[in-house]
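Report on the structure given below.
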Amino acid sequence: MTHPDAPTRDRVTQALRAQRIETPSWAYANSGTRFKVFPQEGVPRDPYEKIADAAMVHRLTGVAPTVALHIPWDRVDDYADLARYAADQGVALGAINANVFQDNDYRLGSVTNPDPGVRRKAIDHLLECVDIMDRTGSRDLKLWFSDGTNYPGQDDIRARQDRLAAALREAYDRLGADQRMLLEYKLFEPAFYTTDVPDWGTAYAHCVELGPKAQVVIDTGHHAPGTNIEFIVAFLLRAGKLGGFDFNSRFYADDDLMVGAADPFQLFRIMREIVGGDALRPQAGIAFMLDQCHNIEPKIPAIIRSVLNVQEATAKALLVDADALAAAQRAGDVLGANAVLMDAYHTDVRPLLAELRAEAGLDPDPIAAYARSGYFARIRSERAGGQQAGWGA
Ligand code: LRH
Ligand code: MN
């Protein structure tokens, strides 16, 4: 499909203009693997500088108006002031990510720890994160638990689920009327025998048990190889339990590479389920977030590239001729139906997106615009001293 007809173009461009992608504060900071964290010049030293970089990404792409925070990595004295600073920069504070995976006390787990005192400490952190949401105006409390075991017999699998459910219930009951809990699952790592929230089914079951304000987050790097993620998307959308995505891509495990870099066709298939489920529009409440680590590549250009990759996959998904697809599916025309999807996937949507940016007064090529902006040279000199931000692991 080279040039979509006018009605199609209008429908597609209208949906793309309304797209919103949340960038993660921690992707602007130093990150790495257990082997090495390579510091980079110009890296932010505090949440304010992380927000400044996120605002630059939004100025250039026009579709990244919120920044997810991670506590304590983004702890500040005055969260209301941080929210005001973000607003001055043209962005807003997004999901608040709790962190119960880096404290020495959490060796045997956080909310699932055999020790009730440790569980109390972990739950108090979740409650603190809701307090922070009250001050930042954030809607989402995002919970990922590294909790698990490394050897059979280490702990009682069922008892840990009871502890998890009790902790989630206490945090859930603390949520305000317009606040949500987003529960993230992950197959393994750092635990290597059991993980207490290992898959979408476990996350879904806990969210159903909790209530309407609990939804599942799909981190695209958290599945066993070969998992059909778009099936999970379709299932959770149908059940009204899809709260959002942590977008990234991987070749092997939780590689946290740029979304769409390792498997652009998978990202297209995922966005196809979103578009097919009429869940792209902001009112549908799906949080489209990036969760990535730019260990060797320049961070801001990598995040801009990632936002563009999501836009391109979305544009291709929007170009699927839904009527032709439905007709072929009804007719049992296997190859015909597949061809309708592949036709859209093979459409070069970059000219359409470039035109859309130009119409919005943006540079058609945000990556080139960033290179020309002088922003990197400025932050490199401004941020010469001080302690660069990172995971502090
Ligand atoms: C865990 C995870 C989670 C975050 C962390 C930064 O692997 O995906 O979403 O808290 O990365
Ligand atoms: Mn994640």
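Given R₀ = 41 Å, FRET efficiency for ASP343-ARG20 by Cβ-Cβ distance, to 0.05?
Using R0 = 41 Å, I get an efficiency of 0.90.
In debye to the nearest 20, how big a dipole does region 92-198 give about its Cα centre with +1 on each Lys and Arg Cβ and -1 on each Asp and Glu Cβ?
Value, rounded to 20: 120 debye.
Could you tell me which residue out of ALA331, GLN179, VAL76 lies farthest along the dipole of the chain toward its positive end? Charges go on the beta carbon: Lys and Arg +1, Asp and Glu -1, centred on the Cα centre.
Value computed over the given set: VAL76.
Give me the compactness ratio for the chain, meaning the Cα radius of gyration over 2.2 N^0.38 Å.
Against the empirical 2.2 N^0.38 Å value, I get 0.99 for the chain.
Tabulate in residue order the Karplus-calculated ³J(HN,Hα) for region 328-337, using 6.51 cos²θ - 1.76 cosθ + 1.60 with θ = phi - 60°, rounded to whole Hz; enter x for Gly and Pro.
Here the 3J(HN,Hα) series is 5, 5, 4, 7, x, 7, 3, 5, x, 5 Hz.
Carbon and sulfur: what percent of the chain's accessible surface (1.4 Å probe)?
For the chain, the apolar C and S fraction of the accessible surface comes to 54 percent.
Using helices alone, what [θ] at 222 nm do you get for the chain, with -39,500 (n - 2.57) per DSSP H run of 4 or more residues, divided over all residues and rounded to the nearest 500?
So the helix-based figure for the chain works out to -14500 deg cm²/dmol.
Pop a pseudo-label 7 angstrom from the Cα along the beta-carbon direction at both ASP199 and ALA331 and give the gap in nm to one decimal.
3.8 nm
Leaving out same-chain residues fewer than 8 places away, which lysines sit with a Cα under 27 Å from that of LYS213?
By straight Cα distance, LYS213 reaches LYS121, LYS142, LYS186, LYS241.
Using 14 Å as the cut-off for backbone N distance, which residues of region 233-255 belong to the label zone defined by a point 7 Å from the Cα of THR33 along Cα→Cβ?
Residues 250-255 qualify, since their backbone N sits under 14 Å from the label point.
The values are calculated or read from the model by the stated rules, or taken from the named source; none is laboratory data. Just so it is clear, the model here is predicted, and its values are computed rather than measured. Here Cβ is always computed from backbone atoms with ideal geometry, including for glycine, and neighbour counts include all displayed protein chains. Side chains included, ligands, DNA and RNA excluded: accessible areas come from the protein's heavy atoms. Shrake-Rupley method; radii C 1.70, N 1.55, O 1.52, S 1.80 Å.
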